[in-house]
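K.L.:
Below: one structure in structure tokens.
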Amino acid sequence: MSHRVFINDVAARDGFQIEPRWIETADKIAFIDRLSATGLAKIEATSFTSPKAIPNLADAAEVMRGIHRAPDIDYVALIPNVKGVERALSVGTDELNFVMSASDSHGRANLRMTADESLARFADMVVAAEGADVRLNASISTAFGCPFEGRVPADRVMEIVARIADLGIAGVTLCDTTGVANPLQVAALCEAVRTRYPGLDLTLHPHNTRGMGLANALAAWQVGIARFDAALGGLGGCPYAPGASGNICTEDLVHMFACMGVDTGVDLDGLIAVSETLPSLIGHDVPGQVVKAGKADRRYRLPAAIA
Ligand code: COA
Ligand code: ZN
């Protein structure tokens, strides 16, 4: 088995949304432009959410207008409602990533909507996007567990996926918002969705909050999943999910697949070079490991005593 992998880097959205310090619009644009040179399939550049809910991304339109678009990359934005669809379309976003939560408690904390209310909203959002040259995806937060309610039943997630597919949305992302999923659980749910909806573009969005992130990505890949969300440096976290922290780290994910001989289309050295700019951009160290340890083929000089 060696199927190719497609990576959506979400650092500029999932990462920047939770940073304690404001990142200047010009710096966000320069960061995304550098990422665009590394061969990623998608870049989630921002979100068109309420600036009161997510103040860090209040400059979404300026960011989308300011970046240089690489022709092979889809530039994605996270969208909670019709107003977000309109704002995103007005600046030529390639993919609208509708967001909802599988669990009502997180949905109400994050979006002020239950899952059923979000699904009703999605129907209006699909209508608002009709006729536009844009791809639609739906992200299901807390698909593997909720920080307020605990385990989310797989049957409930399957029901939500069915309703999303009925709306004609082309892709679904299963999000482990607070990093509670384990590899067997991920493999089982991914396989169930893939088998039931073979035409749906299925993406996994793991967080590494409890150290299971790369294991979960591997488990999904082993049951045929080819699309992953990851954030450069391992940034990321939802401000409305207590205890949430970093996404899986993009360069660590690309490095793992490279070691396995799996094509990601990504220039790993280029990606590492962009990651090295993160601490000065955001003002603190980041969790990514390969940047610190070097790639697995790094060699050290033998100690002089035994050389
Ligand atoms: N873009 C910009 N402004 C928006 C907006 C959007 N997509 N949606 C709502 N607003 C504004 C409204 O215009 C209104 O502004 P006003 O107070 O100046 O009149 C205000 O936000 C409240 O609007 P309302 O429709 O009542 O929204 P709400 O307060 O119920 O909040 C959401 C609902 C979904 C807009 C908000 O919770 C949100 O943006 N959440 C995003 C959370 C998120 O991104 N989490 C991390 C990723 S998982
Ligand atoms: Zn996330």
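Bear in mind that the values in this text are calculations on the coordinates, not laboratory data. As the structure is a prediction and not an experimental result, all values here were calculated from the model. As a convention, Cβ positions derive from the backbone with ideal geometry for all residues, glycine included, and neighbour counts pool all protein chains shown.
K.L.:
Would you mind computing Rg(Cα) / (2.2 N^0.38 Å) for segment 141-222, counting N as its residues?
P.N.:
1.02
K.L.:
If I require 15 Å or longer along the helix axis, counting alpha carbons, and a Kyte-Doolittle average no lower than 0.5, what helices from the chain are left? Use full DSSP H segments.
P.N.:
Membrane-span-like by this criterion, though nothing is claimed about a membrane: 115-129.
K.L.:
Still on this structure, please answer the following. Can you give the relative contact order of segment 1-135 as a percent, counting alpha carbon pairs under 8 Å and 6+ residues apart?
P.N.:
Contact order relative to length: 20 percent.
K.L.:
Could you work out the pair-distance distribution P(r) of segment 221-307 from its alpha-carbon pairs, with 10 angstrom bin width and percents rounded to whole numbers?
P.N.:
15, 40, 28, 13, 4, 1
K.L.:
Also: How long is the gain from N182 to M1 if the chain were fully straight, where each residue apart is worth 0.36 nm and the alpha carbon distance is subtracted?
P.N.:
63.0 nm
K.L.:
Explain nothing, just compute: Karplus ³J(HN,Hα) = 6.51 cos²θ - 1.76 cosθ + 1.60, θ = phi - 60°, for every residue of segment 140-149 in order, whole Hz, x for Gly and Pro.
P.N.:
Those phi angles translate into 9, 6, 6, 5, 10, x, 10, x, 9, 10 Hz.
K.L.:
Tell me what the chain gives for mean residue ellipticity at 222 nm when only DSSP H runs of n ≥ 4 count, each as -39,500 (n - 2.57), the sum divided by the residue total, rounded to 500 deg cm²/dmol.
P.N.:
-10500 deg cm²/dmol
K.L.:
Cut-off is 10 Å between beta-carbons; in what order do V63, V223 appear when sorted fewest neighbours first?
P.N.:
V223, V63
K.L.:
Give me the percent relative contact order of the chain, please, defined on Cα pairs under 8 angstrom at least 6 residues apart.
P.N.:
Result for the chain is 20 percent.
K.L.:
Based on a Kirkwood Rh over C-alpha pairs, give the Stokes-Einstein translational diffusion coefficient of the chain at 25 °C and viscosity 0.890 mPa s in µm²/s.
P.N.:
127 µm²/s
K.L.:
Over all directions, the average projected area of the alpha-carbon convex hull for segment 41-176 comes to how many nm²?
P.N.:
7.9 nm²
K.L.:
Please list the equivalent ellipsoid semi-axes of segment 1-108, computed as the square roots of five times the alpha-carbon gyration tensor eigenvalues, in descending order and whole angstrom.
P.N.:
Equivalent ellipsoid semi-axes, largest first: 21, 18, 14 Å.
K.L.:
Sticking with this one: Using a Förster distance of 22 Å, how high is the FRET efficiency between R112 and V82, based on the Cβ-Cβ distance and rounded to 0.05?
P.N.:
Calculated transfer efficiency: 0.90.
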